[in-house]
1. Of everything in the stretch 8-33, what is surrounded by fewer than 22 Cβ atoms within 10 Å (Cβ to Cβ) and in a loop (DSSP other than H, G, I, E, B)? Give them in sequence order.
2. Among the listed residues 322, 343, which satisfies the condition of being among the aromatic types (Phe, Trp, Tyr), within 27 Å of residue 33 (Cβ to Cβ) and crowded, with 16+ Cβ neighbours inside 10 Å?
3. Exactly one condition in (1) touching a residue at least 12 places away in the same chain (Cβ under 8 Å); (2) out of contact with any strand residue (DSSP E or B) (no Cβ under 7 Å at 6 or more places or on another chain); (3) of a type in the set (D, E, K, R) is false for residue 308; which is it?
4. Could you tell me whether residue 202 is more than 26 Å from residue 317 (Cα to Cα), of a type in the set (Gly, Ala, Ser) and open to solvent by 40 Å² or more (accessible area, probe 1.4 Å)?
5. One residue is enough: does the stretch 341-351 have a residue meeting the conditions closer than 19 Å to residue 58 by Cα, among the aliphatic types (A, V, I, L, M) and in contact with a Lys or Arg (Cβ under 8 Å, 6 or more places away or on another chain)?
6. Select from the stretch 228-255 the residues that are out of contact with any helix residue (DSSP H, G or I) (no Cβ under 8 Å at 6 or more places or on another chain) and open to solvent by 10 Å² or more (accessible area, probe 1.4 Å) and write down the one among them that is farthest from residue 298 (Cα to Cα).
7. Among the residues of the stretch 311-318, is there at least one that is open to solvent by 30 Å² or more (accessible area, probe 1.4 Å) and in contact with a Cys (Cβ under 9 Å, 6 or more places away or on another chain)?
8. I'd like to check something: does the stretch 300-322 contain any residue that is in a loop (DSSP other than H, G, I, E, B) and under 30 Å from residue 27 (Cα atoms)?
Amino acid sequence: PPAVFPLSCPVQNYSWGKLGLASEVAKLLASSDPLVQIQPDRPYAELWMGAHPRGDAVIRDNRIPQKTLGQWISDNPACLGAKVKDTFQGHLPFLFKVLSINTALSIQAHPNKELAAKLHAQFPEHYPDANHKPEMAIALTPFEGLCGFRPVAEIVSFLQSVPELRALIGEVAAEQLERSGSDDPRGVAAALRVCFTRLMKSEKKLFVDQLNMLVKRISQEVAEGKDTSGSNGDLLLRLHSQYPGDIGCFTIYFLNLVRLEPGEAMFLGANEPHAYLHGDCVECMACSDNTVRAGLTPKFIDVLTLCEMLNYTPAPSSSKIFPAAQSQLDPNVYLYDPPVPDFAIMRIEIPSSIKLYLLSAVDSASILLVVQGAAVGTSTAAASEIPLCRGSVLFISANESVSLQLSSPDGMLLFRACCLL
């Protein structure tokens, strides 16, 4: 049976997604399947490429009896590669996605394996499995997110220039953080934890009043042509317009604003607070749905768990950009290999001068996404030629190579998710 085949992948229409053809997800979908009708007023938020039970990809090869990738892997577990199959009990260990974000996602963090097991045992309705959920996002368009705690000096500066923030945290906790600057890192983390927890647990009426005062003050300053960067004014007004009266608006004073250019990445390990704000990216994650949320969301929030679990180590936003390493074997490949076993991503840039390109075999099942360009793919493991264009998604079994005959004048951009044990 063919071991390399194209996939048709489900789309999630979450409300935060970009609308119609403004969405990269919608553009990829429309390009890969001309019969799809893109609705201009509908959000196209996520494309799921994988075998997740809530969004299992459909196999586009009528010679294959199984309908979905999940069924096919469970009938042909050797396709994962021997090491991956043994390590991850016969399951594909990652879910690959494209995200198109118009309005902010919730302030969240993902538990490590130990906490995930505990949360799942206690609250299975909110924490549906016992796995960790590290994630990596690689920008396709200019991308913005909040990630990790800012350096203490930046937080202290906000505490001094945003009285509404200081009022919520209280004088004692604010002064403790101001004094902790010279302390050992544990003292800093402890002071930061007290401040952030006091913010997140403040009384609803209290923080709504303070937020309204802050928004009113900044709006007046903007109208008077003043510089509001000392209060992070632009971002505050933007988030408040998306989630009025939400405690999450205040987290911009604690968390780094990270901006990624296309090709730049951020890795979100366990317990790292984050919220994607705007832009398009490819994302890879371990297979889990465990998310602890605490703001910028109408969903279930679990402030106590979030404040307990977070990594309170401050670091500059530049440290959140995860570097790609150019492959020693192939200069067209850039590898994003995070410090977890579950997944890695390759960015493959094929210049227009190359007309034949070999996607080399790896000892893991992989999923390939075409972002730009077109080619015809052939493989000894595929029953026939596979036409590839923008938006095409290909499943490649372990230890199979695919050769691409390029048909586009300006080269290709591909992303390939796999598991490098």
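The values are calculated or read from the model by the stated rules, or taken from the named source; none is laboratory data. Note that this is a predicted model, so its numbers are computed, not measured. FYI the Cβ positions are ideal-geometry reconstructions off the backbone, even for glycines, and counts take in every protein chain you see. With ligands, DNA and RNA removed, areas are computed over all heavy atoms of the protein, side chains included. Shrake-Rupley method; radii C 1.70, N 1.55, O 1.52, S 1.80 Å.
1. 10, 13, 14, 15, 16, 33
2. Numbers: 322 fails: within 27 Å of residue 33 (Cβ to Cβ).
Of the residues listed, the single one that is among the aromatic types (Phe, Trp, Tyr), within 27 Å of residue 33 (Cβ to Cβ) and crowded, with 16+ Cβ neighbours inside 10 Å is 343.
3. So the condition that residue 308 fails would be (1).
4. Details: more than 26 Å from residue 317 (Cα to Cα): yes; of a type in the set (Gly, Ala, Ser): yes; open to solvent by 40 Å² or more (accessible area, probe 1.4 Å): no.
No.
5. Going residue by residue through the stretch 341-351, those that are closer than 19 Å to residue 58 by Cα are none.
No, because not a single residue in the stretch 341-351 is closer than 19 Å to residue 58 by Cα, among the aliphatic types (A, V, I, L, M) and in contact with a Lys or Arg (Cβ under 8 Å, 6 or more places away or on another chain).
6. Going through the stretch 228-255, the residues out of contact with any helix residue (DSSP H, G or I) (no Cβ under 8 Å at 6 or more places or on another chain) turn out to be 229, 234, 238, 241-242, 244, 255.
Applying the additional criterion that residues be open to solvent by 10 Å² or more (accessible area, probe 1.4 Å) yields 229, 234, 238, 241-242, 244.
Values: 229: 28, 234: 23, 238: 17, 241: 15, 242: 12, 244: 11 Å.
Step by step, filter the stretch 228-255, then rank; the result is 229.
7. Our first condition is that a residue be open to solvent by 30 Å² or more (accessible area, probe 1.4 Å); within the stretch 311-318, this holds for 311, 313-314, 316-318.
In the following step, the residues that additionally are in contact with a Cys (Cβ under 9 Å, 6 or more places away or on another chain) were identified as 317.
Looking through the stretch 311-318, at least one residue is open to solvent by 30 Å² or more (accessible area, probe 1.4 Å) and in contact with a Cys (Cβ under 9 Å, 6 or more places away or on another chain).
8. Restricting attention to the stretch 300-322, the residues satisfying the condition of being in a loop (DSSP other than H, G, I, E, B) are 300-302, 310-316.
Among the residues that remain, those that are also under 30 Å from residue 27 (Cα atoms) are: none.
No, the stretch 300-322 contains no residue that is in a loop (DSSP other than H, G, I, E, B) and under 30 Å from residue 27 (Cα atoms).
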